[in-house]
Amino acid sequence: MTRQSKTWLVLGAVFVALLVARGMIGQGLGRVYVKRTDVTVKLPEAAVNNAAGAPSALASGSTNASTTTAATQAMETPAAASTASSSATTISWQEWKQVTPLEFNAAQKANPAQTEITLSWPRTIGLWLAAFFTLAIFSFLYADNPFYKIAESLVVGVSAAYWGVIGFWDTLVPKMFGALTPGLVKSLVQPSLVAPEKLQQISMIFALILGVMMLWRLLPRGGWISAWPLAFIVGVTAGLKIVSHVESDLMAQAAATMKPLFVSVTDASGATNMWDSWWASVANVLLVAGVICCLAYFFFSVEHKGVVGGAARVGIWYLMITFGASFGFTVMGRIALLAARVEFLFDDWLWLIDPNHFRGL
Amino acid sequence: MKRIIPMWIAIIGGFAMMLSSFVPLAESAGEMFADVFNVVAAIAFVLGAGSLAKQHLEKLSRRDAGWGYSIITLGSFLITLFIGLGKIGIHPNEQFPQAPYSGSNEMEGSAFGWIYEYMITPLTSTMFALLAFFVASAAFRAFRAKNTEAILLLVTAFIVLLGRTFAGVVLTGWFPDWASGLRLENLSIYVMQVFNTAGNRAIMIGIALGVAATGLRILFGIDRSWLGGGDA
Amino acid sequence: MRITHKVPRRIFTNHSWKCVATFLCMAMCCARVFAFEISSEMSESVAPVTQTVAAQDIFAENVLAHNAPEQDANAPLVEPVNAATNFNSAATPNAMPERPWFNIEKLWLLLWIVFIGGAVTVSVWLAKSGRPIRIRRIAALEAVDNAVGRATEMGRSILFVPGIQDMDNIQTVAGLTMLGRVAKTAAEYDATIEVPTCRSLVMEAARDTVRASYLSAGRADGFSVDRITYITDDQFGYVAHVVGSMVREKPATCFYMGCFFAESLIFAETGNAIGAIQIAGTAESSQLPFFVAACDYTLIGEEFFAASAYLSGEPAQLGTLRGQDVGKFAVVVLIALGVLASTILVMAPNAAVVGWFLGGLQKVLGG
Amino acid sequence: MSSGNFNNTNASVRPWFERLDRIDRRWIFLLMFLAVAGPILWIGVTGKTLPEAPTLAARAVFEEIDHLPARTLVLISFDYDPASAGELQPMATSLVRQCAAKNLRMVFIALWPLGNQVAQQTIQDVIRDDYPALKEGDDFVNMGYQAGNEAVMKLLLTDFAKAFPKDSRGEATSNIPMLKDVKMVSDFPLLISISAGYPGSKEWVQYVISAYNEKMNFVTGCTGVSAPQLYPYFPQQIAGLLGAIKGAAEYESMVNASLAVDGVATPPKYLQAQRRMGPQLVAHLLMVGLIIVGNMIFFARKRRGAA
């Protein structure tokens, strides 16, 4: 056994021992409780006949998948209700909202036989999985290891699919199908869809053509045509960005730099405050000089020698100060992120701390 | 020919878009392009998915080192895609019960929502949190007074870091009022107001010119390397 | 670097006529617009007059503001003007009921673009006609050859990350042009180059670019599509994969060229830990500090956009860099004049000519 | 990712700075983890928070609100969504608490779609729970979200009722008693924006505050990322500025101190920011320490090299 695997074994053993010990004392370890609510919705009269066929296709999947504790009740939801009798004009389902352990305890105290607030196994398992993933990613800081590789493979697969799904339901369906087949989208997905304008339809047909050209690559011949949509995208991007950058960066920033080098600050009595005036003037001088020197650094067709060289050197100093300040300012946000993960481990998972009084410590 | 047509497509598209920014009637052209682009990108996901599937299937069939992890990637990819595209376990939106797919994939308690909350969020946000460790190691290694530039970088970062804590306030808080400008917290504000503004402004002006020149190189057909043209 | 190209003096080369033609079109548009402005001022007498009056008022307010006791003189001169004009246009939304075919408020923006376009066109034309161009050394770009050569020597791969944004971001496009250059050098040195991408479209574009680079280096057989892969659209999913493969494959050289956000430091620190030579370039100013701190070489902002032209060594491309410099020079001169005028104005608030001059300068910059 | 492996065999021969310079960076990682985890655990278990010494920008926010006479109208814009609530919610909670305690009349608006939701939550947590005497319509009103970004701000310059024709309950603006005298945005002596980006503080300054700098005061709370862009406006256009969780903690401590009642502990919801500052302080000190040690190594080695 190598030294490294020994280290891993010892670390793992200590960790599991601590975890078991933690589970024995206090209120135990992370669990998630959910509260059930029954939702019954009336189908609009007109829709009952039209949609009667469609929901049944979805019926078997209409249970709340992650809360299998109540799967048996959930199985008889929407379509069961709407297909059981043809006169049914309502559909119903159950929703589960996460509640704090405090609420669970209160409900149990009031009525030990209550079934409204229950332990959610899927979410509790999810919580433990999330904790495992958090630790697996942190383990990368020590060395690459199988746990990290599992987490990495999983996050790649899941997130790629996630963005694909988002692209389909949030972009393709409302934008493209919404413009080209509004009837279908209206009846299946979004009854509130506004009828598309002609221009919108044309642009979406155009988009579809570009998309098909892109996919042409998958065919054995004629893949070169996919260069056309790419060229269109690159060209249009270039055109758009030239305008927006010149407007908001070049012109606006240059205009903001036209400051007087000498300022007189007057206080409440109307007298000039020499000290403040001096500081304000120095600030403006430094600012204007800085902008010009930094710009000198960016000159390409002039060697950095002589006056330009001197200015460029001062410019680099300014840039370094800028970078140092940004670095220092960003640290706080980064530490906040780590603190959030640590809080997740200590609070949600290990129940070591309870800053929000969710468990009434 | 295979390079000339795309080049002209880019040139015409680019100039048309540039001019549209100045014509009130065509002001929405930019937004419309954003829509078109998003749709094309969403369709092109098929290509990405194909590449992803191909690399992992090849790894599997070759039994490369770590092929087991490819199973995890492929499996999780397909399962998530299936659940998400089919809106498995999503009940309709309460406002539109007649539309079977009106429910949102992100709703609490759905399978897709579960994947997001208990897999994607912890994995990606922990990855993000690794930054806290890396800023520390980068600061230890890189912030050393090797030359004037490094000293400026280091001293500014030091002042700002210290000024962001209670310790910095305690350290220089006793400075008399007339020297209050030298208190760490005020010093870091001063650095932000003067030096940071100057530096960022110059960077932005430079970037604007750089973007303009890059765009013009494309629109004038001078730079065709992006076209797969290599040298013009 | 001093590049002297002796190109035969042909005025209407393939590119120049295109550049000149487009430039002429733009100039004609401007001329038309000028004519439009004059005629609209003549025909619509009421609205423009109120606007001029308002503009004078603002200006007077501005001067007053500098002497008013509670107003700190450090206040930027620009914003009040901006806001007040906006306020005016908001207050009189019906000044122009019909939508004109040209947005007159953006006239100066158009002129700026025409100016930069003209500067670039002329510089390119001069360069093509054989004028020597001097371009200063950019250390990061001088290092590219060595960095690629190092990978070949060590028998390891090169990692190229073209940012995490899609093709509708100009930084990604600039990153891909850079990829073209690096891939060509890699093909010449017979080094392998890996390009993991965060978007499907970027993957496709990168494949085209690298394929063409190998082709032009005469090594079409060395190109493999499988080294340019799509990972995932998710920012940190992508990061997890890239840093994981970095510690496993240990590339000798890493390039980060494009639009980066928080992941910049994760890449750079991991690359540092595996001892890779790292060259970064981005215009994302919030990420520059991290690249500067952790990479061997960093292309800062404008340098990043200049990189592809610099590496190409072609006179036409280098000419565009000089065009950029002309634009920068104009900005510096305008800022200097503006600073001078506003300083005089503070000392002598009644100098009407200077005030008028400053107002004009503000207008040139869209104020 | 093991960095250069430490060579144990001749470690004892090397001077201290060489050993420290070649230190495995994983020790730094461990220190960072302890610097963050330790304070979280300590604060979580004991419930104590670290002291705060308010800086100028945060003190200015407190004083701007503190000197307003009772019943003054205050416009509070919620320009953020739950994604940035970690940084901004403590500010929002404390700002509303101070306004409620001072008996100012608060008008809530939102320029971010989800801003209305966080505004409602804040109203529930602070006003309804702790200041139940305040009446909606007389003492506070939530006008909800209005789409249009800067266009809404420009409209506010001339016509408040046009920008926000009804409140989130559906009551017409003209029927709301506390808004009777409000014509436009300059009728609010104080504007507060809690901002996570665009549209937010910067746009308020550009479109509203620059037009009414003498009539209105503006204080704002913003995320750490956008704070550097706002500092140039302080203190001329922005009278008070809370930057990131640090600004929130400073301000929170001031509000808590001003409203403290002997013998009654401050509820945890008013301590969110100060709780989060614990790990920040220790981790920042660690970073400062690391920079100092790094430079000690550098200079020690330089001297050795020169000798």
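The values are calculated or read from the model by the stated rules, or taken from the named source; none is laboratory data. Since this is a predicted model, take the numbers as computed values, not measurements. Here Cβ is always computed from backbone atoms with ideal geometry, including for glycine, and neighbour counts include all displayed protein chains.
Kindly provide the set of residues from the stretch C:335-353 that are under 33 Å from the mean Cα position of the chain (by Cα) and either buried (at least 18 other Cβ atoms within 10 Å of the Cβ) or not assigned by TED's automatic domain parsing to the domain that holds C:LEU111 (or both), ordered by number.
Scanning the stretch C:335-353 gives C:ILE335, C:GLY338, C:VAL339, C:ALA341, C:SER342, C:THR343.
Assess whether B:SER125 counts as being in a helix (DSSP H, G or I) and of a type in the set (S, T, N, Q).
yes
Keeping to the stretch B:135-150, report how many residues are β-branched (Val, Ile, Thr) and either farther than 20 Å from C:TYR297 by Cβ or buried (at least 24 other Cβ atoms within 10 Å of the Cβ) (or both).
1
At pLDDT 90 or above and out of contact with any helix residue (DSSP H, G or I) (no Cβ under 7 Å at 6 or more places or on another chain), is that true of A:LEU102?
yes
Somewhere in the stretch D:165-182, is a residue over 15 Å from the mean Cα position of the chain (by Cα) and within 14 Å of chain C (Cβ to nearest Cβ)?
No, the stretch D:165-182 contains no residue that is over 15 Å from the mean Cα position of the chain (by Cα) and within 14 Å of chain C (Cβ to nearest Cβ).
Filter the stretch C:271-300 for residues that are within 13 Å of chain A (Cβ to nearest Cβ), surrounded by fewer than 24 Cβ atoms within 10 Å (Cβ to Cβ) and of a type in the set (Ser, Thr, Tyr) and give the result.
C:SER285, C:SER286
From the set of residues in the stretch A:115-170 that are of a type in the set (Gly, Ala, Ser) and over 20 Å from the mean Cα position of the chain (by Cα), which is modelled with the lowest pLDDT?
In this case the residue turns out to be A:ALA143.
Looking for something in a helix (DSSP H, G or I) and in contact with a Lys or Arg (Cβ under 6 Å, 6 or more places away or on another chain) - is there at least one such residue anywhere in the stretch C:176-195?
Looking for residues that are in a helix (DSSP H, G or I) and in contact with a Lys or Arg (Cβ under 6 Å, 6 or more places away or on another chain), one finds at least one in the stretch C:176-195, hence yes.
Which count do you get for residues in the stretch B:134-165 that are of a type outside the set (Gly, Ala, Ser), facing another protein chain (nearest Cβ under 7 Å) and in contact with a Leu (Cβ under 6 Å, 6 or more places away or on another chain)?
5
Here are some conditions: (1) part of a helix (DSSP H, G or I); (2) touching a helix residue (DSSP H, G or I) at 6+ places or on another chain (Cβ under 6 Å); (3) in contact (Cβ under 8 Å) with a residue 40 or more places away in the chain; (4) assigned by TED's automatic domain parsing to the domain that holds C:VAL173. C:PHE304 meets all but one. Which one does it not meet?
Unmet for C:PHE304, out of (1) part of a helix (DSSP H, G or I); (2) touching a helix residue (DSSP H, G or I) at 6+ places or on another chain (Cβ under 6 Å); (3) in contact (Cβ under 8 Å) with a residue 40 or more places away in the chain; (4) assigned by TED's automatic domain parsing to the domain that holds C:VAL173: (2).
Within the stretch C:350-367, count every residue that is among the aliphatic types (A, V, I, L, M), farther than 16 Å from C:VAL331 by Cα and either outside any helix (DSSP H, G or I) or within 12 Å of chain A (Cβ to nearest Cβ) (or both).
Of the residues in the stretch C:350-367, 2 are among the aliphatic types (A, V, I, L, M), farther than 16 Å from C:VAL331 by Cα and either outside any helix (DSSP H, G or I) or within 12 Å of chain A (Cβ to nearest Cβ) (or both).
Name the single residue, out of those in the stretch C:205-230 being touching a Leu at 6+ places or on another chain (Cβ under 9 Å) and of a type in the set (A, V, I, L, M, F, W, C), that is surrounded by the fewest Cβ atoms within 10 Å (Cβ to Cβ).
Restricting to residues being touching a Leu at 6+ places or on another chain (Cβ under 9 Å) and of a type in the set (A, V, I, L, M, F, W, C), the top hit is C:PHE223.
Taking the stretch D:247-264 as the region of interest, how many residues are free of Cβ contacts under 8 Å to residues at least 60 places away in the same chain and either assigned to a loop (DSSP other than H, G, I, E, B) or within 14 Å of B:PHE166 (Cβ to Cβ) (or both)?
5
Would it be correct to say that A:GLY61 is modelled with pLDDT of 80 or more, within 14 Å of chain B (Cβ to nearest Cβ) and part of a loop (DSSP other than H, G, I, E, B)?
no
Return the pairs, sorted by first residue and then second, in which the second residue is surrounded by fewer than 18 Cβ atoms within 10 Å (Cβ to Cβ) and basic (Lys, Arg), the first residue lies in the stretch D:173-190 and is closer than 20 Å to D:GLU150 by Cβ and assigned by TED's automatic domain parsing to the domain that holds D:LYS154, the beta carbons are less than 6 Å apart, and the residues are 6+ apart or on different chains.
Here the result reads D:SER186/D:LYS215, each pair linking the stretch D:173-190 to a residue that is surrounded by fewer than 18 Cβ atoms within 10 Å (Cβ to Cβ) and basic (Lys, Arg).
If I go through the stretch C:301-332 residue by residue, how many of them are at the interface with chain B (Cβ under 9 Å from one of its Cβ atoms) and farther than 19 Å from C:VAL173 by Cβ?
Qualifying residue count, the stretch C:301-332: 5.
What number of residues in the stretch B:108-122 are among the acidic types (Asp, Glu) and either crowded, with 22+ Cβ neighbours inside 10 Å or not in a loop (DSSP other than H, G, I, E, B) (or both)?
1
Scanning the stretch B:181-207 for residues that are more than 11 Å from chain A (Cβ to nearest Cβ) and more than 17 Å from D:GLY243 (Cα to Cα), which turns out surrounded by the fewest Cβ atoms within 10 Å (Cβ to Cβ)?
Looking at residues that are more than 11 Å from chain A (Cβ to nearest Cβ) and more than 17 Å from D:GLY243 (Cα to Cα), I get B:LEU182.
Hey, A:SER244 hits all of (1) modelled with pLDDT of 90 or more; (2) in contact with a helix residue (DSSP H, G or I) (Cβ under 7 Å, 6 or more places away or on another chain); (3) under 30 Å from C:LEU318 (Cβ atoms) but one; which does it fall short on?
(2) is the only condition that A:SER244 fails.
State whether the residues of the stretch A:251-259 include one that is more than 7 Å from chain C (Cβ to nearest Cβ), part of a helix (DSSP H, G or I) and either more than 30 Å from the chain's Cα centre (by Cα) or not acidic (Asp, Glu) (or both).
yes
Within the stretch C:211-235, which residues are assigned to a helix (DSSP H, G or I) and either in contact with a strand residue (DSSP E or B) (Cβ under 6 Å, 6 or more places away or on another chain) or at pLDDT 95 or above (or both)?
C:ARG227
If you check C:ALA143 against the conditions, is it buried (at least 19 other Cβ atoms within 10 Å of the Cβ), in the same structural domain as C:ALA191 (by TED's automatic domain parsing) and over 18 Å from the mean Cα position of the chain (by Cα)?
No, not satisfied.
State whether the residues of the stretch B:152-172 include one that is surrounded by fewer than 20 Cβ atoms within 10 Å (Cβ to Cβ) and within 27 Å of the chain's Cα centre (by Cα).
no
State whether one or more residues within the stretch C:109-123 are of a type in the set (Ser, Thr, Tyr), out of contact with any strand residue (DSSP E or B) (no Cβ under 9 Å at 6 or more places or on another chain) and either within 9 Å of chain B (Cβ to nearest Cβ) or within 24 Å of B:GLY13 (Cα to Cα) (or both).
yes
Go through the stretch A:172-199 residue by residue and tally those that are crowded, with 18+ Cβ neighbours inside 10 Å and in a helix (DSSP H, G or I).
10
Has the stretch C:120-141 got any residue that is without any contact (Cβ under 8 Å) to a residue 60 or more places away in the chain, over 27 Å from A:SER244 (Cα atoms) and of a type outside the set (Ser, Thr, Tyr)?
yes
Return the pairs, sorted by first residue and then second, in which the second residue is assigned to a loop (DSSP other than H, G, I, E, B) and not aliphatic (A, V, I, L, M), the first residue lies in the stretch A:179-202 and is over 12 Å from B:PRO100 (Cα atoms), the beta carbons are less than 6 Å apart, and the residues are 6+ apart or on different chains.
A:ALA179/A:PRO196; A:PRO182/A:PRO196
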